[in-house]
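**Student:** This is the structure I have questions about; it appears just below.
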Amino acid sequence: MKRIVLTGGGTAGHVTPNLALIPRLKALGYDICYIGSYNGIEKGLIESAGIKYYGISSGKLRRYIDLKNFTDPFKVVKGLGQSVALLKKLKPNIIFSKGGFVSVPVVLASKICGVPAIIHESDITPGLANKIAFPAAKAVCCNFPETVKYLPEEKAHLTGSPIREELFSGVPDKAREFCGFDSDKPVLLIIGGSIGSKVINECVRNMLPVLLERYQIIHLCGKGNLDSALNDTKGYRQYEYISAELNDMFSLADVIISRAGANSICELLALRKPNILIPLSAAASRGDQILNAKSFKAQGYSYVLEEEALSKETLLEAIDDVEKNKDTYLAAMEKSTMLNSLDQILELIKKYEKK
């Protein structure tokens, strides 16, 4: 039996494309293992999918001054040693990496052990973890045409992002029942990312009375960000994170407010959902979400609201615009040539796997 090792973690965005691949890999007869960090978000998500999970030491390589910069390189070195030992034990035919710093020692170990590796880069400009890992990879997949110029020319493949097939099978009535909503008002779905967004959460909660006049609200606020004082608010449901019911919630939502992580916005495009993107600010990131959002705005898929400009007034203005121009946004999405990338990535896996 052929064996594949998947890796990637740190945020849900580094895991969900791997989750999208798993059913198809199983159907093709692959034995699937996953290497991630000891206690990252990827551990729970992957173990819930019934996949064998192996934890390794993981350190973050920062571009800025931080005391952890003196200790984390030792964690990476330890993770490299652990990865080499695991690959020698598991003897996979190929590795597929979705990025994040936990993936760096795994991909570097693939080179040492002679196991082919494929990397997927979601954002327009590659992150530091993937940049470090590129030399060890056989192929690098990406989502945006703008990304190709940043990749090793002989390794670049424009595939798009793997989309979980179950997202297309959502049932609105199931989400309505799960949330206890009626059918009188449209539904606004707010996604602040797997770790949540304090800025978005506070803005939404401060203007709940206004929003609830027009919408029923599903608020995915991130781990540790629930507000118990709002538990009994009619028409408002908050969750730290949703997995099994997310496809139903997507199908129920009339408008979606989201961060601009590449995987998330590719899902919104594939599902043809009118959306408002609030990218993570450049002050708190390397600016990748801003570039992703600008690309989608330029193509007519999204309304973009910069985090620094977020307020009750600007968010209402954004919602009004999406309501008014909903058909225009949907028409642009329908013209998109971005296809589900599952088939393309599976072909690359079969091409490069160790025979």
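**Student:** Cβ under 14 Å from residue 166's Cβ, residue 166 left aside: what net charge do those residues give with Lys, Arg +1 and Asp, Glu -1?
**Tutor:** With Lys, Arg at +1 and Asp, Glu at -1, the neighbours total 0.
**Student:** Fully extended, how many nm does the chain gain between residue 317 and residue 213 (0.36 nm per residue separation, minus their Cα-Cα distance)?
**Tutor:** Between residue 317 and residue 213, full extension yields 35.9 nm more.
**Student:** Calculate the spin-label point distance for residue 31 paired with residue 297, positioning each point 7 Å from the Cα along the beta-carbon direction, and give it in nanometres.
**Tutor:** 5.0
**Student:** Report the calculated FRET efficiency for residue 149 and residue 282 (r = Cβ-Cβ distance, R0 = 25 Å), to the nearest 0.05.
**Tutor:** In this case the efficiency is close to 0.75.
**Student:** Could you work out how much longer the chain between residue 308 and residue 158 gets when fully extended? Use 0.36 nm per residue separation minus the Cα distance between them, nm to one decimal.
**Tutor:** 50.8 nm
**Student:** Something else about it: Can you work out the FRET efficiency for the pair residue 330 and residue 47, with r the C-beta to C-beta distance and R0 = 35 Å, to the nearest 0.05?
**Tutor:** FRET efficiency, residue 330 to residue 47: 0.40.
**Student:** For the range 166-334, what class follows from the C-alpha gyration tensor (a ≥ b ≥ c being the square roots of its eigenvalues): rounded when a/c is under 1.5, otherwise prolate if a/b is larger than b/c, else oblate?
**Tutor:** Because its axes are fairly even, with a/c under 1.5, the range 166-334 counts as rounded.
**Student:** For helix 72-90, what angle does its Cα long axis make with the longest principal axis of the chain, in degrees from 0 to 90 and rounded to 10?
**Tutor:** 70
**Student:** Same structure, new question: Three principal axis extents, largest first, for the C-alpha atoms of the range 245-303, in Å?
**Tutor:** 34, 24, 15
**Student:** Once you keep just the Cα pairs under 8 angstrom separated by 6 or more residues, what percentage relative contact order results for the chain?
**Tutor:** Relative CO of the chain lands at 15 percent.
**Student:** Sequence gap at least 6, Cα distance under 8 Å: using those rules, report the relative contact order of the range 166-334 to the nearest whole percent.
**Tutor:** The normalised contact order for the range 166-334 reaches 22 percent.
**Student:** Hey, with R₀ at 51 Å, roughly what FRET efficiency would residue 1 and residue 182 work out to, going by the Cβ-Cβ distance, to 0.05?
**Tutor:** The calculated FRET efficiency here is 0.55.
Each value in this text was obtained by applying a stated rule to the coordinates, not by laboratory testing. Quick caveat: nothing in here was measured; it's all calculated off a predicted structure. Heads up, the Cβs are rebuilt from the backbone with ideal geometry, glycines too, and the neighbour counts pull from every protein chain shown.
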